[in-house]
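Here the structure is laid out as structure tokens; the discussion comes afterwards.
The values are calculated or read from the model by the stated rules, or taken from the named source; none is laboratory data. Bear in mind that the values here come from a model prediction, so they are computed numbers and not experimental data. Note that each Cβ is placed from the backbone with ideal geometry, even for glycine, and that neighbours are counted across all protein chains shown.
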Amino acid sequence: METVYILNIPNFYSSYYLSGLNSVFHIKFEMDPRFLKYNNSSVLIFKIKNQIGVIDNDDPAKVITELYELSTRYFATNKLIGSASYNQEKVEPLFPHYPINNIKLYLGLYNFKLLKYLPWKPLLKQIYTLLRRPVYKEYKYKVNLSNFMFFSSNIWKKESEANLIRADFIRFCKSDKRVVFEGGFVPRSDDDNQGFDQELNSKKYTPKLFSKLSAKSKMVLNNPAVGGAVSWRLAEYLNQGVFILSFPFKIELPIALIHSKDLYYVNDSSDYSTVFDKVLTDNKYHEKISRAGKAYFDQYCTPSSQAKYIVETLLN
């Protein structure tokens, strides 16, 4: 079994990829002094056969020049389409993923070196965050004949387009008498709910409960996250085999998700009524799309599949 050397201590954003590399290769922590400043960041840096790979899980902004120059391949969760920075030769796209609870691996791999390289407050925060994330599991596909829909989200201060997309979805779910809806916007702590008072929900959901309710949902919404990033929810939705209503991606995937095959794309919230009618009246169509999305996940998105893709791309 090949050894992959982990050269920094990433935060929980990289938990999926750390677990994937561990499932396929022998991993060993070897702190590289060049990468000390990337500890507890969204970047995972590793080495295999003297080739350095970087996995950048941050929101789309630009490639980190220093890491790009030191790496053989630079893998970006959010390889923004049309960005000169992300269009550089060594930048590679990644398949969807989501943070998971890999606390045993995190503590076992880094052990007492966590105290050496991380301040204790950020370390405790990382441990707390990892414990709140769902443990990774590969869901078995189930046909969903219910009309239950769940959607809960925060109101973002600087993402008015995304807020409107989600607010319209909440309204559609609430107004369609065929739908049994749970969820809504989470009230902002500063009380600036930007006019969405009718879409608010007083209940808050832990990541684990959110995951559980999403898996039961007839249909879910995937909208662009901050800066056009792909939402963490996308990969979890695919894994759960739920029908995904999505707006077109602003980031590149290694293999595209196809409209009316793997999921259903809309360009405007005015298209919601069409897809609601399809999903709620045609169970065979619903099954076809949701089953294909699950097959996409099983082939390309599991932690082990992504680890193999990353290392094969790096070495070839």
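Right, Leu114: of a type in the set (A, V, I, L, M, F, W, C), outside the structural domain of Ala295 (by TED's automatic domain parsing) and under 23 Å from the mean Cα position of the chain (by Cα) or not?
Values: of a type in the set (A, V, I, L, M, F, W, C): yes; outside the structural domain of Ala295 (by TED's automatic domain parsing): yes; under 23 Å from the mean Cα position of the chain (by Cα): no.
So Leu114 does not fit the description; no.
Residues are listed down the side, and each one gets a yes or a no for (1) closer than 17 Å to Cys173 by Cα; (2) polar (S, T, N, Q); (3) not assigned by TED's automatic domain parsing to the domain that holds Ser19; (4) not in a loop (DSSP other than H, G, I, E, B):
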| position | (1), (2), (3), (4) |
| --- | --- |
| Ala235 | no, no, yes, yes |
| Asn239 | no, yes, yes, yes |
| Ala256 | no, no, yes, no |
| Asp271 | yes, no, yes, yes |
| Thr274 | yes, yes, yes, yes |
| Ala292 | no, no, yes, yes |
| Tyr296 | no, no, yes, yes |
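Does the range 82-99 hold any residues that are more than 20 Å from Thr65 (Cβ to Cβ) and either surrounded by fewer than 16 Cβ atoms within 10 Å (Cβ to Cβ) or hydroxyl-bearing (Ser, Thr, Tyr) (or both), and which are they? Step through it out loud before you land on a result.
Restricting attention to the range 82-99, the residues satisfying the condition of being more than 20 Å from Thr65 (Cβ to Cβ) are 95-99.
If the condition is that a residue be more than 20 Å from Thr65 (Cβ to Cβ) and either surrounded by fewer than 16 Cβ atoms within 10 Å (Cβ to Cβ) or hydroxyl-bearing (Ser, Thr, Tyr) (or both), then Tyr98 is the only one that fits.
Does Gln240 satisfy the criteria of being on the phi > 0 side of the Ramachandran plot, surrounded by 14 or more Cβ atoms within 10 Å (Cβ to Cβ) and either in contact (Cβ under 8 Å) with a residue 24 or more places away in the chain or out of contact with any helix residue (DSSP H, G or I) (no Cβ under 9 Å at 6 or more places or on another chain) (or both)?
On the way: on the phi > 0 side of the Ramachandran plot: no; surrounded by 14 or more Cβ atoms within 10 Å (Cβ to Cβ): yes; either in contact (Cβ under 8 Å) with a residue 24 or more places away in the chain or out of contact with any helix residue (DSSP H, G or I) (no Cβ under 9 Å at 6 or more places or on another chain) (or both): yes.
Considered against the rule, which asks whether it is on the phi > 0 side of the Ramachandran plot, surrounded by 14 or more Cβ atoms within 10 Å (Cβ to Cβ) and either in contact (Cβ under 8 Å) with a residue 24 or more places away in the chain or out of contact with any helix residue (DSSP H, G or I) (no Cβ under 9 Å at 6 or more places or on another chain) (or both), Gln240 comes out as no.
Being buried (at least 18 other Cβ atoms within 10 Å of the Cβ), at pLDDT 90 or above and within 23 Å of Lys62 (Cβ to Cβ): is that true of Leu234 here? Steps first, answer last, please.
Numbers: buried (at least 18 other Cβ atoms within 10 Å of the Cβ): yes; at pLDDT 90 or above: yes; within 23 Å of Lys62 (Cβ to Cβ): yes.
Considered against the rule, which asks whether it is buried (at least 18 other Cβ atoms within 10 Å of the Cβ), at pLDDT 90 or above and within 23 Å of Lys62 (Cβ to Cβ), Leu234 comes out as yes.
Under the condition of being under 22 Å from the mean Cα position of the chain (by Cα) and among the hydrophobic types (A, V, I, L, M, F, W, C), which residue from the range 279-313 is farthest from Val143 (Cα to Cα)?
For the range 279-313, the residue satisfying everything is Val311.
Across the range 183-222, what is the total count of residues that are among the β-branched types (Val, Ile, Thr) and surrounded by 16 or more Cβ atoms within 10 Å (Cβ to Cβ)?
Residues of the range 183-222 among the β-branched types (Val, Ile, Thr): 186, 206, 220.
Restricting the remaining residues to those that are surrounded by 16 or more Cβ atoms within 10 Å (Cβ to Cβ) gives 186, 220.
Here the count works out to 2.
Can you pull out every residue in the range 44-57 that is surrounded by fewer than 20 Cβ atoms within 10 Å (Cβ to Cβ) and touching a strand residue (DSSP E or B) at 6+ places or on another chain (Cβ under 7 Å)?
Taking the range 44-57 and keeping what is surrounded by fewer than 20 Cβ atoms within 10 Å (Cβ to Cβ), we get 47-51.
Hits for the range 44-57 are Lys47, Ile48.
Just to be sure before I move on: is Tyr74 touching a strand residue (DSSP E or B) at 6+ places or on another chain (Cβ under 9 Å), crowded, with 21+ Cβ neighbours inside 10 Å and assigned by TED's automatic domain parsing to the domain that holds Ser23 in the structure I sent? Show your work before the answer.
Working: touching a strand residue (DSSP E or B) at 6+ places or on another chain (Cβ under 9 Å): yes; crowded, with 21+ Cβ neighbours inside 10 Å: yes; assigned by TED's automatic domain parsing to the domain that holds Ser23: yes.
Yes, satisfied.
Here is a check on your reading of the model: is Pro248 at pLDDT 95 or above, surrounded by fewer than 21 Cβ atoms within 10 Å (Cβ to Cβ) and either in the same structural domain as Ala162 (by TED's automatic domain parsing) or outside any strand (DSSP E or B) (or both)? Walk me through how you get there before you give the answer.
Numbers: at pLDDT 95 or above: no; surrounded by fewer than 21 Cβ atoms within 10 Å (Cβ to Cβ): yes; either in the same structural domain as Ala162 (by TED's automatic domain parsing) or outside any strand (DSSP E or B) (or both): yes.
Taking the combined requirement at face value, the residue does not satisfy it.
Among the residues of the range 5-26, which ones are buried (at least 22 other Cβ atoms within 10 Å of the Cβ) and of a type in the set (Val, Ile, Thr)?
Those that are buried (at least 22 other Cβ atoms within 10 Å of the Cβ) and of a type in the set (Val, Ile, Thr): Ile6, Ile9.
Within the range 262-278, which residues are charged (D, E, K, R) and either under 25 Å from Tyr141 (Cα atoms) or surrounded by 12 or more Cβ atoms within 10 Å (Cβ to Cβ) (or both)? Step through it out loud before you land on a result.
Pass one, the range 262-278, residues charged (D, E, K, R): 262, 268, 271, 277-278.
Within the range 262-278, Asp262, Asp271, Asp277, Lys278 qualify.
Specify the residue that is farthest from Asn222 (Cα to Cα); the eligible residues are those in the range 100-132 that are touching a strand residue (DSSP E or B) at 6+ places or on another chain (Cβ under 9 Å) and surrounded by 12 or more Cβ atoms within 10 Å (Cβ to Cβ).
Going residue by residue through the range 100-132, those that are touching a strand residue (DSSP E or B) at 6+ places or on another chain (Cβ under 9 Å) are 105, 109-111, 113.
Now narrow it down to the ones that are surrounded by 12 or more Cβ atoms within 10 Å (Cβ to Cβ): 105, 109-110, 113.
Numbers: Leu105: 30, Leu109: 34, Tyr110: 34, Lys113: 38 Å.
Looking at residues that are touching a strand residue (DSSP E or B) at 6+ places or on another chain (Cβ under 9 Å) and surrounded by 12 or more Cβ atoms within 10 Å (Cβ to Cβ), I get Lys113.
Could you check the range 155-182 and list, in sequence order, the residues that are over 22 Å from Tyr265 (Cβ atoms), in contact with a Phe, Trp or Tyr (Cβ under 7 Å, 6 or more places away or on another chain) and either not in a helix (DSSP H, G or I) or not assigned by TED's automatic domain parsing to the domain that holds Ala215 (or both)? Break it down into steps so the answer makes sense when it comes.
Of the range 155-182, the ones over 22 Å from Tyr265 (Cβ atoms) are 155, 157-158, 174-175, 177-178, 180-182.
Now restrict to residues that are in contact with a Phe, Trp or Tyr (Cβ under 7 Å, 6 or more places away or on another chain): 155, 174, 180, 182.
Selection gives Ile155, Val180, Glu182.
In the range 213-233, how many residues are assigned to a loop (DSSP other than H, G, I, E, B) and polar (S, T, N, Q)? Give the derivation first.
Of the residues in the range 213-233, the ones assigned to a loop (DSSP other than H, G, I, E, B) are 216-218, 223-225, 229-231.
Checking the rest, the ones that are also polar (S, T, N, Q) come to 217, 223, 231.
Going through the range 213-233 one residue at a time, the tally reaches 3.
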